[in-house]
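Below is one structure; the comments refer to it alone.
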Amino acid sequence: MKLILNIAAFVTIIIFVSITLVSVHKISQSQSIQPPQITQECTTNSNGPCHNSTTSVDTPFIPDQQLDDQQRFLAAIANKIPTIPEIDTFEYTLLRAYGTVFINQALGINLPQKVILDNESETQSFQKTITIALVDGTQECYLQKTAAIALNKAKSLENIPLKSGYAGDCLRNFATNLRFWNKYANSETLTLVKTGKETKILGLVAPPGTSQHLWGLAIDLQVSTSAQRQALNENGWFQTVVSDLPHWTYLGWSENDLPKFGLQQKIIQGIKYWVTPI
Ligand SMILES: [Zn+2]
């Protein structure tokens, strides 16, 4: 009887030790399993380039050069405007007329996320996001700082006066844009532009809320020599609005780079414009 009890006790101890060993092994096994690594979202898309916030700031986006002009332009601006306007809308007309700036990727430059700023308050909200600087030799002519520095370099090479000499040549507020519009056009003109029946006016004055001057990326200048044009072009400034002779736009690229974004060269009455391909 004692022998049976001893055997039973022995078996119990063996079972207990076995269970304990298995449990310890399981715990150590579970501790050794690492949780899955959290991978960056953009690395899961192996088909295209990775556009996280770090790379988009530091590395310029150059569209696939196999695409046609229009596709390259739309690919470039898709990085800047979350919603591309639909064809034949008022916004699309304005994107065609003034949208070259959306290829700008110069450091420090801020762009609005839409083509039209609806009112003064929306204009002010955008202008609060930009850093501005004074154009050399002026009292109150401001541009986005990177654009002003580039313009000042051109002005150090050649004498390039403002068109009127007043602040209205430079960064404007919504009210000034509206005042200029009302000087040359009215609400009937706006209706015609909105319905696609009038476009020439866009080369004379921008509809309310749509001027490149609201964005601090345009300036009206007195330019008459090829040396002045060359100094401006070499510093990222180009004529982009057909028929608006004094109007210069800061694109922030060298001239050779502009076709990479689908921009097209148009020579009209001896003046070279870089325009959108849409
Ligand atoms: Zn202008």
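All other residues with a Cβ under 15 Å from the Cβ of residue 232 taken together, and with Lys, Arg as +1 and Asp, Glu as -1, what is their net charge?
So the surrounding residues net to -2.
Describe numerically, in nm with one decimal, the distance between label points set 7 Å from Cα along Cα→Cβ at residue 140 and at residue 64.
5.1 nm
Could you tell me the calculated FRET efficiency between residue 265 and residue 121, based on Cβ-Cβ distance and R0 = 41 angstrom, to the nearest 0.05?
After rounding to 0.05, the efficiency reads 0.60.
Place a point 7 Å from the Cα of residue 272 along the Cα-to-Cβ direction; which residues of the range 209-243 have their backbone N under 13 Å from it?
The answer is 226-240, whose backbone nitrogens lie closer than 13 Å to the label point.
Give me the net charge of residue 261's neighbourhood, meaning all other residues with Cβ under 13 Å from the Cβ of residue 261; Lys, Arg count +1, Asp, Glu -1.
-2
Report Rg (one decimal) and Dmax (nearest whole number) for the range 59-208, counting Cα atoms only, units Å.
Gyration radius and largest Cα-Cα distance of the range 59-208: 16.8, 47 Å.
Measure up 128/260; 145/200; 194/260; 183/266; 128/197; 114/260 against 26 Å on the Cα-Cα distance and list the ones that go over.
Those over the limit are 128/260; 145/200; 194/260; 183/266; 128/197.
Once you place label points 7 Å from the Cα toward the Cβ at residue 71 and residue 157, how far apart are they in nm?
Inter-label distance under the simple model: 3.5 nm.
Read-outs: derived from the displayed coordinates by stated rules, not from any lab. Bear in mind that the values here come from a model prediction, so they are computed numbers and not experimental data. FYI the Cβ positions are ideal-geometry reconstructions off the backbone, even for glycines, and counts take in every protein chain you see.
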